[in-house]
């Protein structure tokens, strides 16, 4: 769905997903994509993305620490996701892809050839 948006927006949340949780560092994002998403989502895959968001927009939200000091994330209500997407600066980059039972993929070079 991110690809379909031209790498400019995240898809709407599902009804059981009332919050969008962008994380603030790559190490934490890798852990979520590799250790959580590959086990618990229907596709058994996880992606690490990088993107910038207007600081004026993010000023409305607090950073939450949900474990160790590296586990930092924003909690964006699902109803604010369209506004969040409008405040993305540039494009969303896919840095890594993980699939259950398969080796780690660094998609940086692959992504560039798709653009």
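The values are calculated or read from the model by the stated rules, or taken from the named source; none is laboratory data. Predicted model, so just to flag it, every value in this text is computed and none were measured. Virtual Cβ from ideal backbone geometry, glycine too; neighbours counted across all protein chains shown.
Looking at this structure, is residue 41 free of Cβ contacts under 8 Å to residues at least 24 places away in the same chain, out of contact with any strand residue (DSSP E or B) (no Cβ under 8 Å at 6 or more places or on another chain), closer than 22 Å to residue 1 by Cα and surrounded by 11 or more Cβ atoms within 10 Å (Cβ to Cβ)?
Values: free of Cβ contacts under 8 Å to residues at least 24 places away in the same chain: yes; out of contact with any strand residue (DSSP E or B) (no Cβ under 8 Å at 6 or more places or on another chain): yes; closer than 22 Å to residue 1 by Cα: yes; surrounded by 11 or more Cβ atoms within 10 Å (Cβ to Cβ): yes.
It is true that residue 41 is free of Cβ contacts under 8 Å to residues at least 24 places away in the same chain, out of contact with any strand residue (DSSP E or B) (no Cβ under 8 Å at 6 or more places or on another chain), closer than 22 Å to residue 1 by Cα and surrounded by 11 or more Cβ atoms within 10 Å (Cβ to Cβ).
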(message) Would you confirm whether or not region 27-43 contains a residue that is more than 22 Å from residue 89 (Cβ to Cβ) and in contact with a helix residue (DSSP H, G or I) (Cβ under 7 Å, 6 or more places away or on another chain)?
(response) no
(request) Please work out if residue 37 is modelled with pLDDT under 95 and assigned to a helix (DSSP H, G or I). (result) yes
(message) For the list (1) in contact (Cβ under 8 Å) with a residue 40 or more places away in the chain; (2) more than 22 Å from residue 106 (Cβ to Cβ); (3) part of a loop (DSSP other than H, G, I, E, B), I need the number of the one condition that residue 69 fails.
(response) (1)
